[in-house]
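Have a look at the structure below before the remarks.
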Amino acid sequence: MTTRRLDTTTRLDTTTRLDVDSDQLGRDLVALVLTVVELLRQLMERQAIRRIDQGDLTDGQVDEIGTTLMLLDERMAELCEQHGVRPEDLNLDLGPLGSLLPRD
């Protein structure tokens with residue numbers, strides 16, 4: 001029976017570094033965060049519409065939800081503009097699953 005020994009003289013090259021553009025990394029992170037916020041905004045909007053259609057809300061609650069969703073939509077547009085992100089950039093392509101956000 002032959003015994004195999006590991007060659008302990010071979011070492012991993014730990015000096016290899018990844019060249020990262022910190023500005024691009026920051027922009028990509030902002031786009032990712034805004035994508036998650038947009039996904040949540042759309043989910044809340046759909047839930048609000050369902051509740052309105054079911055008649056679960058008073059007229060005052062409907063007005064408050066409408067105002068809140070409009071303000072959130074405006075704020076999202078401001079944040080996208082402030083960070084140079086186009087709204088269409090927030091929709092991730094999930095390959096065979098389709099896109100993350102529904103196309104309006």
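Tally the residues that are polar (S, T, N, Q), over 17 Å from Leu43 (Cα atoms) and in a helix (DSSP H, G or I), restricting the search to the range 53-76. Residues meeting the conditions: 1. Residue-level analysis places Pro96 among those that are exposed (fewer than 10 other Cβ atoms within 10 Å of the Cβ) and either closer than 30 Å to Asp28 by Cβ or touching a Cys at 6+ places or on another chain (Cβ under 6 Å) (or both). Could you tell me whether the range 40-50 includes any residue that is in contact (Cβ under 8 Å) with a residue 60 or more places away in the chain and under 13 Å from the mean Cα position of the chain (by Cα)? Yes: the range 40-50 contains one or more residues that are in contact (Cβ under 8 Å) with a residue 60 or more places away in the chain and under 13 Å from the mean Cα position of the chain (by Cα).
We did not get these values from a lab; they are worked out from the coordinates using the rules stated. As the structure is a prediction and not an experimental result, all values here were calculated from the model. Neighbour counts are summed over all protein chains in view; Cβ atoms, including those assigned to glycine, are modelled from backbone coordinates with ideal geometry.
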